[in-house]
Amino acid sequence: MANRKKQIASYLTGAAYVWIGVMHFIDPLLFTPLVPELIGAPIFWVYLSGVAEVALGMGLCVDRSRPYASRIIILMLLVLYSANLNMWLNDIPFNGHVMSTGEHVVRALMQLFLIMVALWLSDLKMTEKSKQ
């Protein structure tokens, strides 16, 4: 039963990552304002993150690659949070809307939830030996 739940969750989250990754190519200008000025080249980072999201989303849908894809997704989400934080700190509108503090907090909690889902899908296990 638990494996079935993970498989369904993997397909759903994988499809969501693929969809949002594809959106980076359909409407890249939606995402470019979120790229922190400090790193420059926003269109490059939008396309690169789009490729990563599509590839990792597909990786979640394959049993063999799921543990690896989900671990990389955790890292990706941590890195991409810099764009969310940039949006919050600099009142950058997303799709024409400047989010309130409450909306940013919800967005941060959603990011944390996605990290937790990826961690669950990764099959990382704490053993006695790894705790030492």
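The values are calculated or read from the model by the stated rules, or taken from the named source; none is laboratory data. Predicted model only: the values in this text are computed from it and were never measured. Quick reminder, even Gly has a Cβ in these numbers, built from the backbone with ideal geometry, and neighbours come from all protein chains shown. With ligands, DNA and RNA removed, areas are computed over all heavy atoms of the protein, side chains included. Shrake-Rupley method; radii C 1.70, N 1.55, O 1.52, S 1.80 Å.
For MET87, the stated conditions do not hold, so it cannot be described as outside any helix (DSSP H, G or I), open to solvent by less than 50 Å² (accessible area, probe 1.4 Å) and over 20 Å from VAL51 (Cβ atoms).
Mind listing whichever residues of the range 38-66 are in contact (Cβ under 8 Å) with a residue 24 or more places away in the chain and loosely packed, with under 14 Cβ neighbours inside 10 Å? Within the range 38-66, VAL51, ASP63 qualify.
Condition check ((1) part of a helix (DSSP H, G or I); (2) loosely packed, with under 11 Cβ neighbours inside 10 Å; (3) modelled with pLDDT of 95 or more) across all residues:
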residue: LEU80; (1), (2), (3): yes, no, no
residue: ARG107; (1), (2), (3): yes, no, no
residue: ALA118; (1), (2), (3): yes, no, yes
residue: LEU124; (1), (2), (3): no, no, no
